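A short worksheet on the structure shown next.
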Amino acid sequence: MKAKHQRLVLALLAVVAIVGAALLAMSALKDQAAYFYTPADAHRDKVPVGQAVRLGGMVAGGSIKRAADGVTIDFTVTDGKDTVPVVFRGITPDLFKENSGVVAEGRFDATGRFVADNILAKHDERYMPPQVAGEMHKSESLDTGAKAKGGRT
Amino acid sequence: MSADVPRSDAAKRGLRLILWAPLVLFLIFLAMFASGLIRPGSRDIPSRMVGKPLPGFALPEGAPGHPPLADAAFRQGQPRLLNVFASWCVPCAAEAPQLLQLARAGVPIDAIAIRDRPQDVAGFLAKWGDPYAAIGSDVDSSVQIAMGSAGVPESFVIDGKGIIRHQHIGAIEPEDVPAILAAVRNAR
Amino acid sequence: MIAEAGLAALWLAAALAALQFAIGALGLTRGREAMLLSVRPVAMVQAVLAALAFLCLIVVFVRVDLSVALVAANDHSAKPLMYRFAGAWGNHEGSMLMWVTILAAAGGAVALFERRLDERTLVATLAAQAFIGLGFYAFLLFASNPFSRLFPVPAEGQGLNPLLQDPGLAFHPPTLYIGYVGLSVAFSFAVGALVTRDVGAAFARAMRPWVLGAWIFLTLGITAGSYWAYYELGWGGWWFWDPVENASLMPWLAATALLHSVTVLATRDGLRAWTVMLAVVAFSMSMVGTFLVRSGILTSVHAFAVDPRRGSFILALLVLYIGGALALFALRVGTVREGSRFDPVSREGALVVNNLLLSAILGVVLIGTLYPLGAEAVTGEKLSVGPPYFNAAAGPLALILVAVMAAGPLMRWRRDELRNLVGRLALPVLLVALALLGLVLLAPPIGIFPLLGLILAAGVAAASVAPLWKRNLRRTPLFTYGMVISHLGIAVALAGMASETAFIKETLVAARVGETQTVGPWTLRFNGVKPVAGPNWTAIEATLTATRGGGRPYLLTTQARSFWTPPTETNEAAIQTVWDGQLYVVLGKGSDDGRWQLRLWWKPFVTLIWAGGGLVAFGGFLTLVGRVRRERRAARAEAWA
């Protein structure tokens, strides 16, 4: 190393480290960032099997079924246009109930079922996750679904 | 020391360029922050319910001394304000004076109490004032969600035929009162 | 009256900050000696006034003066004294007032104690500190006045949220704030040194205690925050890579890098520009952290509670301070003389690698935290970045960093021979090999990262005490012990993380009362459930008896609580600590057939994570004491000479 350029070399090293970190981050993000899908989006975009994603929507009325082991549940997530069957093993949060908003983290398996590792609970339940609320409002069929539900209330 | 050794021009220029790199990087991040702040659209949930009919519901009594609430109340020919609130919600207390002002101005106001208990609602009304005619209790938020409401407080202006004419998200601030009064007038 | 007195003190403090900045700047540009001399007392008085304003806020909170809007919104007369006291900073306005108070106090302390730095650089530093303070004073006085009155006066306050009455929540933010503000002092020193072009060893020695102090508090804050999330959330995890956690981790990473580069600058007068840059970055990270948390652009679930004006204000401050400092850096640093040089293979070289790796990790965390924001701004797509990304991107870098950490302290300053280094590293390397052999032979098959982590932890633990090898232990300076203990703490924490990841056992069942379950070496009998009630919650409480082998039984109780105001459910995990780990039990929901969901974890040596964090902070404390003592002795020697 030419001694008189040590400062320049250090500066270049710093640039290399930061650029390297950015490249590493970008390549990891490509595989690991969990995109948010509604059931309709998921079917349209054909999410690859095994990719970590978030699935958001409403838990369809009457769809929650408990397995015999007492800790596995099956339910259906709907956005008013499409539905996805979900399986989850674990303790569900308080806010998880039929006809309520839900965000599940996990991946699709080969049969098109969504295997959730985690069901998101919010500490502050005053507001739905904005992602869910935004998507729900986009769905044109919301009011018809709501009417059917309102009748039962 | 390098100060007395003349450096090659290329090295000097290279170093000078690198020195500006942090500032450029910072400005890029800043632009990102600013865009996150400026676009309120991503947070304010756009209302899709305006112009749609109110969903059907019949809720039990939400507070002692108040009649229960059903959607039929909004199909009697007169516009009404429907306020979605909860006794545990701080912004709901903040909008109470504005609701009282609206009630004094002759706007009939009904309410849906979300995930609440009648005795808590009664305490809330005793403390912050009671502008409501009928109060329904929506224990599991199902009507709230059916109305396309994402949180509390929210207020809806509903015309005499049960059609939602205006949706106000968040607490009604003093400066929002004229807009709501206008919406009620237009719904006639 | 007290509220008005507080507001008056705040205005006066703000005016003094303006004065401090003005006379500092004028004195430096015009070269007026008298002006330079008056900066110190102004800084001290400013500190006293800011502290007075904060004291007034505490008094109105303790007295529950409901005519103050902030008190009415956040206090309640039925709260215990401690939470009325802590409530003063448990809200936006109060926490900002606390921030400026610490800022002013730090400025006052610099003015009072710093005697060895060149007077012009010191004045520039205090002017920069006042300039930072001015922004926050303006923020308080114009956008979030903590003392504004409320009329009519409500009968009772609204701040009786039981979830917020937690000692962790009351004292965690101040710890982090002290850390953040300590970094602001480092930032001011850097700006001051850039202004007078006096970047050298004296500057580094003046800055070092502040960096160390800030770093100790950040370390404590992160460790405590991690344990709080672990016991309070009931999810069994100790780090979630949540934006709020990252907001405290990023300044820590930058401060750690700064701590090491400032040592190079103080000891060897090298890495001048780099140290200044890091000081700017470290404070930027604490501002960005505050901004992210306060503006709510990342934790947007709470978006309604956030005033966009506040976010814009902090953003403007960010532009002013960080943008200004970076521009000053670009303009000035080229004219700062280069420091002394060193060989690539030397202590300095190892510290450069440490700094580069820390910066890379910081970059990875920053990009991951902000990516959802950027992606939504550019493509409109909504996504989240979670633990898989951070573990994959930051994990390998962190392991390399820890390996470098093991070798660094064994290298000589300025120039070293690789051959000699290998000799010094032989013992730790041998230990690593033995640990590897032992784990491969004895342990069940475990993942590659936990395996690497365990092996590295063994090697690093050995290497970190190696600097004490063949030294006269009684004449070894305190700061060397500090370094050894901090590095050992990193090894201990790493061992805890790796062991928890590698050997964790989990059982998830729906159990009937009277049944027994096993998790790892433990047998747990489910004794029963009963309803219990607290002041504002009801709960189902489950009791279990845990035994291992024929050992003594432990009784565990865990609750699933329901609060009414606001309606929330929390899981109170039962945590039983034994010498080699923790049992962690969470009660879920009951089903119609009389079974209860139970989640049982056996986490071997998980406690080492926080013990390691504590050791790191303790090492930092020893170093601080050692350095300050040596500085004072040197100052006294100078005074004699």
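Nothing in this text is a laboratory measurement; each read-out follows from the coordinates by a stated rule. Everything quoted here is computed from the prediction, not taken from an experiment. FYI the Cβ positions are ideal-geometry reconstructions off the backbone, even for glycines, and counts take in every protein chain you see.
Distance between the pseudo-spin-label points of residue C:319 and residue B:17 (7 Å out from Cα toward the beta carbon): 2.8 nm. Radius of gyration over Kirkwood radius for the range C:505-604, both on Cα atoms: the Rg/Rh ratio is 0.99.
Averaged across B:52-61, how many Cβ atoms of other chains sit within 10 Å of each residue's Cβ atom?
Details: counts 4, 2, 4, 11, 8, 7, 3, 1, 1, 0.
If you average over the peptide's residues, the count of other-chain Cβ atoms is 4.
Give me the tail of P(r) for the range C:332-453 as a percent: Cα-Cα pairs with distance above 23 Å. Percentage above 23 Å: 55. Each of C:73, C:2, C:199 was scored by the projection of its Cα onto the charge dipole of the protein assembly as shown, and the greatest displacement toward the positive side belongs to C:199; charges sit on the C-beta of Lys, Arg, Asp and Glu. Packing, as the average of other Cβ atoms within 10 Å across residues, places the peptides C:618-627, B:56-65 in the order C:618-627, B:56-65, highest first.
Per residue of A:54-66, other chain Cβ atoms within 10 Å of the residue Cβ number 1 on average.
The value given for the protein assembly as shown is a Kirkwood hydrodynamic radius of 30.9 Å, derived from the mean inverse Cα-Cα separation. For the range C:213-247 versus the range C:367-391, the inter-centroid distance based on Cα atoms is 21 Å.
Among B:100-107, C:490-497, sorting by the average number of other beta carbon atoms lying within 10 angstrom of each residue, highest first, gives C:490-497, B:100-107. Inter-chain Cβ neighbour count for C:267-276, averaged per residue, equals 2 (cutoff 10 Å, partner chain atoms only).
What is the magnitude of the charge dipole of chain C about its Cα centre, with +1 placed on the Cβ of each Lys and Arg, -1 on the Cβ of each Asp and Glu, and no other charges, expressed in debye to the nearest 20?
Values: 49 positive and 34 negative charges, 451 e Å.
Approximately 2160 debye in magnitude.
Assuming R0 = 30 Å, can you tell me the calculated FRET efficiency for the pair residue C:506 and residue C:166, based on Cβ-Cβ distance, to the nearest 0.05? Computed FRET efficiency for residue C:506 and residue C:166 comes out at 0.70. Taking the square roots of 5 times each eigenvalue of the Cα gyration tensor of chain C, largest first, gives ellipsoid semi-axes of 42, 37, 20 Å.
Going highest first, how would you order C:367-378, C:470-481 by mean Cβ packing within 10 Å? Working shown, then result.
Details: C:367-378: 19.4, C:470-481: 11.5.
Answer by packing, highest mean first, reads C:367-378, C:470-481.
Using just the alpha carbons, could you tell me how many Å³ per residue the convex hull of the range B:58-186 encloses? All intermediate terms of the calculation are to be shown ahead of the outcome.
Numbers: hull volume 11.7 nm³, N = 129.
Per-residue hull volume (Cα only) is 91 Å³.
Cα extents for the range B:64-113 along the principal axes, largest to smallest and rounded to whole angstrom: 32, 23, 18.
Using only side-chain charges placed at the Cβ, +1 for Lys and Arg and -1 for Asp and Glu, the dipole size of the range C:101-172 relative to its Cα centre rounds to 180 debye.
Do any GluC sites (Glu not before Pro) in the range C:414-506 lie in a DSSP loop with no more than 16 other beta carbon atoms within 10 Å, and if so, which?
Working: sites: C:417, C:500, C:506; in loops: C:417.
Here the sparse-neighbourhood loop sites are C:417.
The charge dipole of the protein assembly as shown, taken about the Cα centre with unit charges on the Cβ atoms of Lys, Arg (+1) and Asp, Glu (-1), comes to about 3360 debye, rounded to the nearest 20.
Dipole of the range B:58-186 computed with +1 at Lys/Arg Cβ and -1 at Asp/Glu Cβ about the Cα centre; of B:78, B:139, B:113, farthest Cα towards the positive end is B:78.
Legend: P(r) of the range C:1-158 from all alpha carbon pair distances, 10 Å bins from 0, whole percents, reading 12, 38, 26, 15, 7, 1. Three principal axis extents of the range B:111-183 based on alpha-carbon atoms, in descending order, are 34, 27, 22 Å.
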